[in-house]
Structures are given as C-alpha cells and as structure tokens.
Amino acid sequence: MLRYTVRRLLGAIPTLLVIVTLAFLLLHAAPGGPFDAAKRMLPEIQKSIEAKYHLDEPLWRQYLRYLGDLARGDLGPSFQYRGTSVNEIIAQGLPVDATIGLTAITLALVVGGAVGVNAALRRGSRWDYGSMAFAVAGISTPVFVVAPLMILIFAVTLHWLPAGDWVGGSPSHLVLPAIALALPYVAYIARLMRGSTIEVLNSPFIRTARAKGLPLRLIVWRHALRPTLTPLVSFLGPAIAGLLTGSIVVESVFGLPGIGRHFITAALNRDYTLVIGITVLYGALIILFNLLADLCYAWIDPRVRLR
Amino acid sequence: MSAPPPLRIRGLSVGYPSDHGAIQAVREVDLDVAAGEFLGIVGESGSGKTQLLLAILRLSAPHARLAGSIRYREQELLQLNVRALNQVRGNRISMVFQDPMTALNPYLRIGRQITEVLRVHRNVSGREAERRGIEMLESVHIPEGPRRMRQYPHELSGGMRQRVMIAMALIAEPEILLADEPSTALDVTVQAQILSLFQELRARTGTAIVLVTHDLGVIAEVADRVAVMYAGRIMEQAPIHELFAHPRHPYTEALQQSIPRIDAPRPTHLASIGGAPPNAAALPAGCAFAPRCIYRMPICESIDPPLIEAAPGHWKACHHQGPLGKLRSEAA
Amino acid sequence: MSDAHGFWRQALRRLRTQRMAMASGVLLALIMLACLLLPLLSPYDYFTPQFELLSRGPMLAGGHILGTDPLGRDLLVRVMWGCRISLAVGLAASLVSVLIGVAWGATAGYVGGSTDALMMRAVDILYSVPFVPFVIVLMVLFGRDLWLIFLAIGAVSWLDIARIVRGETLSLKQREFIEAARVSGVRGAAMIARHIVPNLIGIVIIYATLAIPTVILFEAFLSFLGLGVQSPLASLGSLVADGTSEMQSHPHLLIVPAVFLALIIYCFNYLGDGLRDALDPRDR
C-alpha cells in the first residue's frame, strides 16, 4: 500500500511536468507580456522590472529557473500583486475553497447517497420517479444558474441567509455556496447510487445472504453497502475536477475570496506565475484525488490488487 | 408408520406476470421431503426445478406470484413474516447455489461469511463461531482452516468455493439442505468429489438433502428418491431403483435413454428427445409433454393427466396405464 | 446487411417506447426550429438598442413577448440567438471531440500492442490535466473567437470517447467478420475506416449525444465568465451572466435564458439516456 502510494506520487511528476510545460509555453506563446506598454511605463522602468522578474532572459532559461523554484516548492512572485508571492495568494484562498468544496462533497455523498438508495429500494414508485426527475434536473442545471437563483430566493426575497460579502468566514456565509456547488453532485450521485444499489441487490451473493436468514440490516450494511460504493469511488476523480470548475463560478457569484477568482484576472493580466501556479495546484489536486480514489477502491474491493 | 415428513409442499405454483400473459414456472407441485432422505429433482433447464427450490425459502424474484402451501413442520412458510422466515432460512432449511463464483460475497472474508450464519442463528461468541467454522471447513475437506478463514472467495478454486458454500449451509445443522445444481459449474472430477461429499455429510449429520440437477446420471449415483419435472410439473416420482427399473412416464424413459453408458451396448437409435420444451407462457392445453411424446394418444392433447400413485410410492402424471416397456414392444 | 437494418429498426422501436426520450427529442427539434426561424420572422434584431424600452418585463412593451434587456433589445430574439450559438457550439465541438476520440480510440484498439499502451498512457496523463484553466488561458490570450471555442472545447473533451471506442474496438477485433476481412486482405486504415468504425456508430451516437450537453454547459460556463462569445452576440451562458447582474430588479432577464439553457441540457440528457437504452440493450 505504502509502496504503491509512493510510486504513484513519483509517477505524478511527469504529469505535473507536462502541465507546467504546456501552461508555460501557452502563456509565452501568446502576444503581450505582463508589463506591456498598456500601463504606460517608461521603457527603462519596464526593462528593469522585466529584468527583476527575469523576463529578459531566453525562454528556456526562464523555464528551467521556474522548474528549479517549483522543485523547492516556490511558485514565484505574483506579477500583478506586487510584493506578494503566489504561495501566499494560494495559502489565503485555499482554505475558503477547501471548506466549501469539502462541505459540498460531504453533502453530495450523504444526500445523494440517501436519495439514490431510497429510490432503488422503492424502485418504480412515485418516490423513485420523482427523485430521478429531480436528479436529471440537477445535472442539467448549471451552477451559475442555481447560484444566482438561490441568492434571489433565499437571500434577497426571504432574507434567510447572507448572499455573499465574506466577512471573516462565518458559517452562514458558506451555506448557500456549498449547496449551490453540491447540487449537481447530489443529483449525479443519486443516479449513480440508484443504479449500483439495484444491481447489487439483484446479485447472486445477496440472494445467498437472504438464504442464510440474515436480517435486512445485516444484508444492507455488511453485504450490499461496499459493492454499491465502487462506482461512487470511481466518480471521485472526475468530481474533483468538476468541483474546481464549479468553485470558480461560485466564488464569482458569491464574491468569495478563493483561488478561482484570482485565476481569471491573472490570465487577463498575464500574471504568468499565478496562472501556472494555480494550474499546477489544480493538476496536483486532480492527481491526488485520483490516487485517493484508487486507494479507496483497493480498500473496498479485495479483488483489486495495487500494482 | 414413520414420522410425518418435515417438509410438505402442496399445490405450489410460481408464476411471473409478463406482457405476453403469465409465465407459469411451477405448476401445482406436490412434494414431500422426509427426514434424512436424499431426494433428487431432475429436469431440463426451464423445467421449473430451480424456481421450485427458490420458492421453498421464498427467494423467488420480487414480482413472482406464489400460490399453494409449503409447510415446514408446524409452520406455513408462505404465510410467515420475514422475521420468522429468517429463523428457518439458513438455520432449519439452508441452500447451496449453482455458481459458487457469484454466490459468495466477493467483498467479505470466508470466515465472516461462514460464521455469520452461526452468529445470527445461535447465540455463540465470535471465538466459538470461529472454532466451529474451522471445524466445518475440515469436515468439507478444506485443510488449513485458520488460513482459509482469512481469505477472500477469489483466492480459492471453484471446487473449494463450493465446499465453502456447503460448509456455510451446514454450519447451523439444518434439517434440510437444498442444493441447486451444486456441481454443474465445476470440473467433472470436482463434481464427483462434491457429490460424494454430500453423501458423506448426510450420513454423518442426518440432514435431508434435496438435489436439483439436469443430469439423471448424477441422481442415479446418490439419491434415494427422484422427482422428474417437466414444464413446471412433477411428471413422475419414485424411489430411485423403482424409477430406473420401471419408468412409468415417457419423459423419464427418454431421459434415461439419453444417459450415455459405457457398460451397455450401443443403442440402436440415438435416444435424444425430439422437439423442444414448451414455451412456459403458452403451454399446450393437455399434457405439456404430449407434443414430444412417442406414446401420444388423443386424450393427451386435451386433458392434462393428474399425478396419481401407480404403485406404492410411485407417482406419475400420464394417461397410459401399466409399464411403458410393454407398450413400446406393442408399438414396434 | 439486413441484420444491421433490423438492429436499427429495433433500436428505433425501443426508443419509441421511451416516452421521456421521445418528448425530449421533439422538444429539442422545436427549440431548434424556433431558434432558426424566430429571429428571421421577428421585426427586431439582437444588436440594435432601443433606448425608450429599457429592461421591460414580458408583455409590457408591445411586440416584445419576453420583454427587453437593459439596452432595450428584444429578449426573445436574443435568447433565440443564444440558443443558436449554444447549440452550434454543442454540436460542432462534440463533432470535433468525436472525430478525435474515434480516430484515437479505434487506432489504439485496432493496432494494439505497445502503440495501444502508449496512446492510452497519453490519455491517462491528459485525464490529470486540469483543462478548465487551460481553456480559460486559451480564451484570454488568443481572443474569443467562436471557432477557437469549438476547437478548444472539442480538443479537451475527446478522452471519454477515445476510451470507450478503444474498448469497443478491442471486442470487435475478436469477432468473425473482422477476421474474415483480414483473411481477405483488408489491412490498416482501410480496415479501421471500413469495418471497425461503422460498427462503432451506435455507441458513438450515444456518447456524442451525452457529450453535447456537457459541451454546452462548458461554453455557457466560459461565456458566464465573460470568456465566450462577445457582445452584442450572446450565448445562453452570457445571457444568464447578464441576467445575474440585473436579477434583483428584472428577474426575467435571468430566468428566461436560464430556463432555455436548462431545458436544452435536460432534453439532451434524457435523449442520450434513451438512446443508450435503445442502442445498447446489454447495458440493462
């Protein structure tokens, strides 16, 4: 298990390298630079600033310099926020995203799981059709439609919850963003769990368990639960990528000080280091969650051998 | 005479509603299982033999319609609530399935799957259950019990998995063991081992065994009594020697002739049964076997013959009177 | 050949029994028809401001059935244009992703061996690449051209299709008719184009249908962030974004495009599910 994890983490290095290289080349291939004439600087000042950030060096040297810094965990200084490092910006924003993201995932797992299993157990009932219609609706309604509508209903009209303006991060400010972010995943997980529960309950080994005279409680929790979870685990990897996208929207709608919001301004301002830094962070998170999914998979299913 | 049989099935029918009318998987079956006997149920696939077995423990698919009566001692199994039914399942009547590959839970250790039966039905400690589990593995000839208990099903061979299934079914010392083609999915040599294991275990524990198979040859080796099923009905029922010596139903006779024999001279004609089993959704009006029967009479096509006792302990559902051998020589 | 014919006829019959899928298909056809015809029939266009009719609600300004936007432009016409753009992006980008995915997956699956291993390793690596930032950077740096949107989204969403097509190709390779074609001398690209790909059509249709809503959502997401199509042209995503800023005073500006967006995606999802059940019965 440990050896596998270490090997997978080492195996992630080439992938991260691909990500860094792609991002680096893409940014530098584009016309314009971070300190272009648009800001009406004197040519000498622009030159000295570019020299300070090593932008005057040949591309390959900048690239190697960046890789060297990255290897030491230094994502470099931000170009648009002078005097602030990319590490600091991420350290500020990440807790916000992590809080909302984890709350959303938990919410999606608990609510989606319960709805899906319930639909499977009452297959063909009105509850089943209702929750599945809701699920397709949830999957089909984008975050940026749900989020403003939720603000309109719960904040503006009903005044139940605050809509935005993050002040020191009180929990009530997280409720609406987390729900908005979670909603498509609640729907997706509900569908997934319904399908896998139906499949597992029809499997021969559940019939064996019934033939053994085990009480329903034991059949569900001991015999059926783990196999129903496997599709859920495989969904974990893609889900994290979707959550990162969603968080960009949720942050901008609710005005939260997360990382995603910086990303677009960073791209607009040619803030190379911040763009690459956030991209690498996203890549690392996706890799990490895929690894986590595979470990969970092996933990749940004894037939899976980690190689 | 002897004590009343512990399991008495009367007029049991299993039907499945479908778009094209109800499918009658089991039709009006009467069957007794005596204490400690080895009963074979034989029939082609689709004859309803598995459906009959599943119905006894009420394991039929959720949309199945069950009618009739299944009495186990004082209890009517078809009327029992789930809690009381679970007291019977795995405890008084247990079951072994066809494919041990899929019938064992791949996610749980062997030990857990065996001992949980004891933990649920007997008030024993985990340690005691563990000990009994290892003992049980030994009695189905699986050595290294303690190690096997910690393994998962995929780490065992097919024959070994079926032994585990049998250990699981017998650990609570049930009165009746239902076995649905327990050796069909296995290699021929392993099949023979499993069958002799059944005989051995019955001799030791006194558990009655109901063995369902499509192979009359298998039954011939192990069973005391045989019931032959066709199109959801029991066509003939008799002690094993009686059935082989004097088959009274044309279908049984055809089945017998299709057993390949090394010791007998080559049959003059290939005794496969012509035609195909009837569609369970559209059964003929009379005897279901009539369209394939070489002794068919006009009455067979309009009236389904009832199951009657032709000789002591020998039941048959056929309009013909007397032994078939004589008929055949007449027909020839 | 008659066998294939029967397959499609059967598939169509199965699809007909799925009421939700059929209703979705009909609704989609209606929306497509409407978004093609209505802008032609309407006296209004999507770009000319009418300053005497700013942000009117539905039915409040004569002739503007769904009201007007903050610049007095007819909302119905703008939403229909938004549907045109969103559907065009969805179809075109899905086409791009299907082309790449089928070519990649069929080649990997058919050639097999180390080529397959290498090509699938590349797919694995690309799965870990966070595409959203890349597409955002692409949009920001290289202008927000409609063609670039097609290409960019298509280029990042072919991975699933490649994987599915590869798996399907592997199992097709085992079938007799491929063996027969090989014996009669069909090789390489001709084999892939003539014998493998035609047999993948069913599964590709399913996943293309299911890819379309994802692509539409992604374009809407880009437009919502201001990175998609540019004003005065609008996609459903940018209309929702515009509506968001006005939602307190004029909620119809948010609700109308949001409903159309959700409806289109809803229909594609149901249609895709229905097609899967109809064309891929073993998945039941």
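What order do you get for B:Leu197, A:Leu17, C:Leu41 when you list them from fewest to most C-beta neighbours inside 10 Å? Walk me through the intermediate numbers first.
On the way: B:Leu197 19, A:Leu17 14, C:Leu41 8.
Ordered from fewest to most neighbouring Cβ atoms within 10 Å, B:Leu197, A:Leu17, C:Leu41 come out as C:Leu41, A:Leu17, B:Leu197.
Could you tell me what percent of the DSSP beta bridges with both partners in the protein assembly as shown are antiparallel, to the nearest 5?
Details: 30 of 49 bridges.
Roughly 60 percent of the beta bridges in the protein assembly as shown run antiparallel, per DSSP.
Based on the mean of other beta carbon atoms within 10 Å per residue, what is the order of A:145-157, C:25-37, A:1-13, most packed first?
Values: A:145-157: 19.6, C:25-37: 14.8, A:1-13: 11.9.
The densest-packed peptide leads the list: A:145-157, C:25-37, A:1-13.
Rounding to the nearest 10 and keeping the result within 0 to 90°, find how far the Cα-based axis of helix A:272-300 lies from the longest principal axis of chain A.
20
Rounded, prolate or oblate for segment B:121-213? Axes are the square roots of the Cα gyration tensor eigenvalues, ordered a ≥ b ≥ c, and the cut-off for rounded is a/c under 1.5.
The shape class here is oblate.
For B:Ile209, enumerate residues with amide H under 5 Å from its amide H, sequence gap 5+ or separate chain, H modeled in the peptide plane.
So B:Ile209 has HN proximity to B:Glu37, B:Phe38, B:Leu39, B:Leu177.
Return the long-range amide H neighbours of B:Ala25 (sequence gap of 5 or more, or a different chain), with a cut-off of under 5 Å between placed amide H atoms.
Sorted by chain and number, the residues that satisfy this are B:Val14, B:Gly15, B:Tyr16.
Tell me, what ³J(HN,Hα) does each residue in segment A:19-26 have, in order and in whole Hz, if you take phi through Karplus 6.51 cos²θ - 1.76 cosθ + 1.60 with θ = phi - 60° and put x for Gly and Pro?
Whole-Hz 3J(HN,Hα) from phi for segment A:19-26: 4, 4, 4, 4, 5, 4, 5, 4.
Anyone know which of B:Arg89, B:Arg204, B:Arg233 comes out most mobile in the 10 Å Cα GNM of chain B?
Taking springs between Cα atoms under 10 Å, the residue moving most is B:Arg204.
What value, in deg cm²/dmol to 500, does the helix sum -39500 (n - 2.57) over DSSP H runs of n ≥ 4 give at 222 nm once divided by the residues of the protein assembly as shown?
Values: 36 runs with 528 residues, N = 923.
Helices in the protein assembly as shown give a 222 nm mean residue ellipticity of -18500 deg cm²/dmol.
Where Lys and Arg each count +1 and Asp and Glu each count -1, what net charge lies around B:Ala67 among other residues with Cβ under 11 Å from its Cβ? Each step should come with its number before you reach the end.
Working: positive: B:Arg10, B:Arg27, B:Arg65; negative: B:Glu28.
Here the count lands on +2.
List the residues, sorted by chain then number, that are 5 or more residues from B:Met229 or on another chain and whose placed amide H is less than 5 Å from its amide H.
HN-HN under 5 Å from B:Met229: B:Val42, B:Gly43, B:Met235.
In terms of the Cα gyration tensor, with a ≥ b ≥ c the square roots of its eigenvalues, is chain A rounded because a/c is under 1.5, prolate because a/b exceeds b/c, or oblate? Show your work: numbers first, answer last.
Numbers: a/c = 3.25, a/b = 1.70, b/c = 1.91.
Cα axes put chain A in the oblate bin.
Values quoted throughout were computed directly from the atomic coordinates according to the rules given, and no laboratory measurement underlies them. The structure presented is a predicted model; accordingly, all values stated were derived computationally and were not measured. Note: ideal-geometry Cβ built from the backbone for every residue, glycine included; neighbour counts use all protein chains shown.
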